[in-house]
Amino acid sequence: MVVAVGPRIGERICPMSRGWESKFVESQQEEAARGRADKKNRPLSEEERARFTRRATLELARTRTVADLNLATAPARRLMLERALAALDLELTALDG
């Protein structure tokens, strides 16, 4: 028996069978895994490959810009890097949409 704090302190709560619920969750997880596997196995179209490459390039540029910004001390350089970072974020957002 499990003793838990319920409507009344110390009320005993009988464990309930969760058979159908856990099977439902399990089937949802299997479907999601199968969907991911299907996406991984099919070849990317030219457009998808270009988008993937562009995203990777933008993310690398963003990582480099953040690293440079953390090291920059000159106000003009920091301003330039902050603007570059904003532009990269804008491009990444546009790529998602």
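Laboratory data are not the source of any read-out in this text; all were calculated from the coordinates shown. Bear in mind the structure is a predicted one, so any value in this text is a computation, not a measurement. Here the Cβ positions follow ideal geometry from the backbone for every residue, glycine too, while neighbour counts run over all protein chains shown.
Structure above, values below:
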| quantity | calculated |
| --- | --- |
| Spacing of the two label points (7 Å from each Cα toward its C-beta) at GLN28 and ARG64, in nm | 4.3 nm |
| Computed FRET value (nearest 0.05) for ARG55 with ARG77, which takes r as the C-beta separation and R₀ as 41 Å | 0.95 |
| Potential lengthening between ALA86 and GLU47 on full extension [0.36 nm per residue; Cα-Cα distance subtracted] | 11.5 nm |
